[in-house]
Amino acid sequence: MFPELNNLLDTTPDRAEQGKLTLLCDAKTDGSFLVHHFLSFYLKANCKVCFVALIQSFSHYNIVGQKLGVSLTAARECGQLVFLEGLKSSVDVFFRAQAEPHPLQFLRSASLQPCSEVHTWEADAGNLQPLYEFVREALKPADDGQAAWRCPVLLVDDLSVLLSLGMGAVAVLDFIHYCRAAVCWEQKGNIVALVHDSGDAEDEENDILLNGLSHQSHLILRAEGLATGFCRDVHGQLKILWRTPSQPAAQRDRSLTYQYKIQDKSVSFFAKGMSPAIL
């Protein structure tokens, strides 16, 4: 995890909040450093983590995790981490017989039919249920009633991939809704999900997903590329928005914006125009 980001969010692993939905968003930059931060943060907070990784392999996350002071291999062996590797699982879905529905079964069983009025293909909206069942089973409380871990956490990297694979935005929002009911409300756990903002005005499905999750989220971290282009000493800016969905809009939102530079084992944050390289 990145201590400077913890300071900005006013949190530590010892006093992590519960029952929250955190939305990570990246636009014209790579926001994966936020995923690595929250993964290592919740592992250090002694939380039970279900990680649905649809972008990178386990070895990739493990190498980065070691730089941040956590071992994903050790966490998986002791039962703290349940890791769904989408890249490898997709091969199992297509080429191996499954006795039970696979979490990514929609890749195989999706009924591809042309949508009305648009030249796209959309998968059956109900086929994310196996993925939800996988999450619920991975994070269910221990049978002996004793909590070995602090609280359950679902981490998804990233939800935009489901849209690229043919799922509709409404189906993905339904999946998150059911996960919130099972993880955030019933077990007082947390959900962290990354969504890519393509910036394409014609990508209505991505806009629906992003807007729908934004309205539900308690915390939004949006990483953006610099409007001026590449800079060696400033890699982008991070907008942090704290929300209380149950309160009126004028009372519930508080935001801050910082620029950042990604280093080998850390990320440094500073106010706009206050980069040490500039000063």
### Query
Counting just the residues of region 228-266 that are of a type in the set (A, V, I, L, M) and farther than 17 Å from T22 by Cβ, which one comes out modelled with the lowest pLDDT?
A250
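Can you tell me which residue within region 225-244, out of those that are of a type in the set (D, E, K, R) and over 16 Å from F269 (Cβ atoms), is least open to solvent (accessible area, probe 1.4 Å)?
Quick first cut of region 225-244, residues of a type in the set (D, E, K, R) only: 232-233, 239, 243.
In the following step, the residues that additionally are over 16 Å from F269 (Cβ atoms) were identified as 232, 243.
Numbers: R232: 178, R243: 22 Å².
The qualifying residue least open to solvent (accessible area, probe 1.4 Å) is R243.
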### Task
Could you run through region 43-64 and say how many residues are over 26 Å from L165 (Cβ atoms), in a helix (DSSP H, G or I) and open to solvent by less than 20 Å² (accessible area, probe 1.4 Å)?
1
### Members of region 9-39 that are part of a helix (DSSP H, G or I) and buried (at least 16 other Cβ atoms within 10 Å of the Cβ)
L9, P13, S32, F33, L34, V35, H36, H37, F38, L39
### Query
Quick check: is even one residue across region 164-187 in contact with a strand residue (DSSP E or B) (Cβ under 9 Å, 6 or more places away or on another chain) and surrounded by fewer than 16 Cβ atoms within 10 Å (Cβ to Cβ)?
no
### Query
Name the pairs: first residue in region 59-73 and at positive phi, second residue in a loop (DSSP other than H, G, I, E, B), Cβ to Cβ under 9 Å, at least 6 apart or on different chains?
G69/M1; G69/K265
### Some residue of region 92-103 being modelled with pLDDT of 65 or more, touching a Ser or Thr at 6+ places or on another chain (Cβ under 8 Å) and closer than 21 Å to S57 by Cβ
yes
### Summary
Residue hits (region 253-267; within 20 Å of A227 (Cα to Cα), in contact (Cβ under 8 Å) with a residue 24 or more places away in the chain and of a type in the set (S, T, Y)) are Y258, Y260
#### Entry: Residues located in region 144-203, provided they are within 18 Å of S32 (Cα to Cα) and assigned to a loop (DSSP other than H, G, I, E, B)
D158, L159, D197, S198, G199
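The values are calculated or read from the model by the stated rules, or taken from the named source; none is laboratory data. Since we're looking at a predicted model, the values are computed, not measured. Cβ sites come from the backbone with ideal geometry, for glycine too, and all protein chains shown count toward neighbours. Quick note on the areas: whole protein, heavy atoms, side chains included, nothing else; ligands and nucleic acids left out. Shrake-Rupley method; radii C 1.70, N 1.55, O 1.52, S 1.80 Å.
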